[in-house]
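The values are calculated or read from the model by the stated rules, or taken from the named source; none is laboratory data. Small disclaimer: the values here were computed from a predicted structure and weren't measured. We place every Cβ from the backbone using ideal geometry, glycine too, and count neighbours over all the protein chains shown.
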Amino acid sequence: MNTKMNSDNESDLFLQQAGDLIRGMRAIRGMTRKMLAKDSKVSERYLANLEQGKGNISISLLRQVSRALNVSVAELIPSPMKQTPEQKLISEFVNGLTQRDQKIALDILHYKFSSVSPQNKTRIALIGLRGAGKTTLGSLLQERENIPFIRLAQEIENLGGMPIAEIFSLSGQQGYRRLEEKALTQTISIYDCCCIETGGSIVSQLKDFNLMLTTCMVIWIKTSPTEHMERVIAQGDMRPMTNNIDAMADLEQILIERAPFYEKAHAILDTSNKTVQESFSELLTLIKEHHKLKDSVIN
């Protein structure tokens, strides 16, 4: 009896953990459940049960969900992937460190194994949710400081030959992420000095995020969820509110999932309750003082 109860409890825990993983991966990518259902061809109701730990998913359906999220099936299973002894030892060692020391360890790895020294980074990458001020601040850097401003979304559309919405519609997450990686890699190879505006979900792609951390000064442009929503709507974009009464809750969940990655940026600029000029002045100060970019970026 006890053995059966323990087995049932373990099964329930496993399903709940799997549901949490899928919900988190969906949120960090900014995907609604409806979007995931469309891309994976798995019903919204089934996905809702799965995310709540109530659904017993088949391997076939799990594969469909993983493809829609552009991750491996193994990443949706709450158990460690097969690792080399070195990976296991590193994980065990790092897990014993405080969060502050883990960040230091990551910085050391980036410095040690990057071809670009952190002190010599002349590229700036702006990360964060829509509405925080990335486009405004990046445009000002180009206008006032003569730093080329590259909007990664525009580069993706140029590579794909169509608007981003159509790329998602025709190729899903996988197609979009392939173009995003190519656009980022090409931009970094072409420009020694520039400001790159990235999409808010790029932190979900660890390979791309690591590339930025080792080749750019990464700055998280942040504001409150309320200001995010107000600014996006003020710009005439009603998509966050269309057919979505839980838009604010979804936005807050996205921020919760992404914040731990956004916080890995080299600097953070909070634009809440600040004028554009105040935010821009603070951005210049961060660039000058935090990374000492000298004459290569701003005199």
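Show the residue pairs meeting these rules: Cβ distance below 7 Å; 6+ apart or different chains; first residue within segment 65-86 and on the phi > 0 side of the Ramachandran plot; second residue modelled with pLDDT of 80 or more and not in a loop (DSSP other than H, G, I, E, B).
N70/Q173; N70/Q174; N70/R177
Evaluate the following for R144: is it more than 28 Å from F280 (Cβ to Cβ) and of a type in the set (K, R)?
No; evaluated as a whole, the condition is false for this residue.
Of the conditions (1) surrounded by fewer than 16 Cβ atoms within 10 Å (Cβ to Cβ); (2) under 30 Å from K34 (Cα atoms); (3) hydroxyl-bearing (S, T, Y); (4) modelled with pLDDT of 90 or more, S281 clears all except one; give me its number.
(2)
Is there a residue being at pLDDT 75 or above and part of a loop (DSSP other than H, G, I, E, B) anywhere in segment 9-30?
yes
Can you name the condition, by its number, that M162 falls short on among (1) within 16 Å of the chain's Cα centre (by Cα); (2) at pLDDT 95 or above?
(1)
Of all residues in segment 48-69 being closer than 25 Å to Y176 by Cα and among the β-branched types (V, I, T), which is surrounded by the most Cβ atoms within 10 Å (Cβ to Cβ)?
V65
Take the residues of segment 146-196 that are of a type in the set (F, W, Y) and part of a helix (DSSP H, G or I): which is surrounded by the fewest Cβ atoms within 10 Å (Cβ to Cβ)?
The qualifying residue surrounded by the fewest Cβ atoms within 10 Å (Cβ to Cβ) is F168.
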